[in-house]
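A quick write-up on the structure given underneath.
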Amino acid sequence: MTDLPQELRLVTAIPGPKSQALAARKAAAVADGVGTTLSVYAAAAGGGVVVDVDGNSLIDLGSGIAVTTVGNSAPRVVDAVTAQVAAFTHTCFMVTPYDGYVEVAEALNRLTPGDHEKRTALFNSGAEAVENAVKIARAHTKRQAVVAFDHAYHGRTNLTMALTAKSMPYKSGFGPFAPETYRVPASYPYRDGGVSGPEAARTAIDLIEKQVGAGNLAAVIIEPIQGEGGFVEPAPGFLPALVAWCRENGVVFIADEVQTGFARTGDLFACDHEGIVPDLIVTAKGIAGGLPLSAVTGTAEIMNAAHVGGLGGTYGGNPLACAAALAAIETIEADGLVARAREIGELALGRLRKAQESDPRIGDVRGRGGMVAVELVKDAAGTPDPELTKQVAAAAHLRGVIVLTCGTYGNVLRLLPPLSISDELLTTGLEVLESVLAETRA
């Protein structure tokens, strides 16, 4: 466990003078396109706090965008990486391989949904893994088209920008994008007017059949709970209907669990909630406790479709990241973090839904486990309120609570606390958020 005091502590204004000095250096050295959510500069982090260079201790409800799920500098991760860095830092698995890569692949083959024979390939980022999943699907099916969904986010590379729905800030001005990508409606229960999961799936499938054609389609890719699009959990039955149609038509079903994977949602993978078994599953973020690693895992036949040398990369499955991943997986299993995520979800959703009862601006409170969203609206018709969302997030930041925003309409507050956070610290963070909401209503 971290030695950092698990407390909200503000000793300067946010940002403090040292952070302000670093922000000035950043402005002079770093491209303007690289933005920051808070202008505080981290000096240490662990448990449920981030300590900045001015000595402020902030409550972390962001986990570096769902990365430090096991906690920042988790002890097993620190020990494993320290031992590995002393042994060797890199050889390139494609040149002189090492056991860490194989062990991570074995673990993912064991843990991901389904008990069929699987294979895994390791990469660096979620976007890179998504691109490789599409490559593998195309190699297997000998087809080209790929279908993604409204509100989707799959990355910032050329192909993954094409798959991503939201223009600003992810796509605007960066085209043209990769061809043979198509978009269909997703299930968004808060805004669907009571449409059931199977009905929403039928709408999407009808469009696929008419506008793409099953015989041209290599893959359907979807986040089981959409992340940047607003933490949108589809209505029950939506995902199973898509999987069934894909199986009937020889289409590869790709689950993008970059943000939802590794205990985040109160299941080891979000697909587990409805018993979904994807053909390919993409993982990253929480996989390695903060080190850059991603993976594609799936049915052996599909994964083996790519020719020898067709998958890989200089840094993919770096030995330090592999050591961290094995330690993160051990931490999830040994510390019961799947169950802990459910406890966090019950606490957060319970408090936020109580706040919703007296605040009509809270249009929806949703989520599973440690993946919780508050959608803010202007009226009973659900008109999105991105201005209020920015205001609430900024005020929470000034009070030392790290919260993030998301959503196609920019009107969703998202909470992604590390699963190592205590109930007491999480409650304090939620109290700050509740007070900010109350004050903005006055």
Review point. So in the chain, what percent of DSSP beta bridges are antiparallel if you round to the nearest 5?
Key: 65 percent
Point to revise | Inter-site label distance for LEU398 and TYR170 at 7 Å from Cα along Cβ, in nm | key: 3.1 nm
Check your understanding: Given the options HIS154, HIS397, HIS90, which has the most mean-square fluctuation in a GNM of the chain, springs set between C-alpha atoms less than 10 angstrom apart?
Key -> HIS90
**Study point:** Dipole axis of the chain (+1 Lys, Arg; -1 Asp, Glu on Cβ), positive-most option in GLN211, GLN6, LEU430
**Key:** GLN211
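Only bridges with both residues in the range 77-334 count here: give the DSSP antiparallel percent, nearest 5. Don't skip to the end; give the middle numbers.
Working: 11 of 25 bridges.
Of those bridges, close to 45 percent are antiparallel.
What do you get for Rg/Rh of the range 77-334 when both radii come from the Cα atoms and Rh is the Kirkwood radius?
Details: Rg = 17.9 Å, Rh = 18.5 Å.
For the range 77-334, the value is 0.97.
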Exercise for review: Could you line up LYS354, LYS166 from fewest to most neighbouring Cβ atoms inside 10 Å?
Suggested key: LYS354, LYS166
**Study point:** Residue of ALA200, ALA355, ALA66 that the Gaussian network model of the chain assigns the largest fluctuation, springs spanning Cα pairs under 10 Å
**Key:** ALA355
**Study point:** In the chain, lysine pairs with alpha-carbon atoms under 25 angstrom apart (chain gap of 8 or more, or interchain)
**Key:** 23
Exercise for review: Quick one: grab the alpha carbon gyration tensor of the range 1-69, order the square roots of its eigenvalues as a ≥ b ≥ c, and give me rounded if a/c is under 1.5, else prolate or oblate depending on whether a/b is larger than b/c.
Suggested key: oblate
Check your understanding: Along the positive direction of the dipole of the range 252-340 (beta-carbon charges: Lys, Arg +1; Asp, Glu -1; about the Cα centre), which of ALA321, THR299, GLY309 reaches farthest?
Key -> ALA321
Exercise for review: Rounding to the nearest 20 debye, state how big the charge dipole of the range 77-334 is about its Cα centre with +1 on each Lys and Arg Cβ and -1 on each Asp and Glu Cβ.
Suggested key: 840 debye
Point to revise | Amide hydrogen neighbours beyond the local backbone of GLY317, cut-off 5 Å, H modeled | key: PHE123, SER294
Check your understanding: For GLU301 and ASP272 in one chain, what is 0.36 nm times their gap in residues minus the Cα-Cα distance, to one decimal in nm?
Key -> 8.2 nm
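Suppose R0 equals 35 Å; then what is the FRET efficiency for ALA28 and VAL85 from their Cβ-Cβ distance, rounded to the nearest 0.05? Don't jump to the answer; show the numbers that get you there.
On the way: r = 31 Å, r/R0 = 0.90.
Approximately 0.65, to the nearest 0.05.
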Review point. Between the range 393-409 and the range 283-332, how many Å separate their Cα centres?
Key: 31 Å
Review point. Membrane-span-like helices in the chain: DSSP H runs reaching 24 Å or more (Cα, own axis), mean Kyte hydropathy at least -0.5?
Key: 337-357, 423-441
Revision key, fill the gap. So, with points 7 Å from each Cα along the Cβ direction, the THR314-THR36 label distance in nm works out to 2.8 nm
Point to revise | Ranked by how many other beta carbons lie within 10 Å on average, peptides 119-127, 321-329, 428-436 from highest | key: 321-329, 119-127, 428-436
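Please compute the Kirkwood hydrodynamic radius over the chain, one decimal place, Å, based on all pairs of different Cα atoms.
Working: mean 1/r = 0.0448 Å⁻¹.
Averaging 1/r across every pair of different Cα atoms and inverting gives 22.3 Å.
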Exercise for review: May I ask for the distance between the Cα centers of the range 118-165 and the range 194-258, given as a whole number of Å?
Suggested key: 15 Å
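Values in this text are rule-based calculations from the coordinates and carry no lab data. Note that this is a predicted model, so its numbers are computed, not measured. Here Cβ is always computed from backbone atoms with ideal geometry, including for glycine, and neighbour counts include all displayed protein chains.
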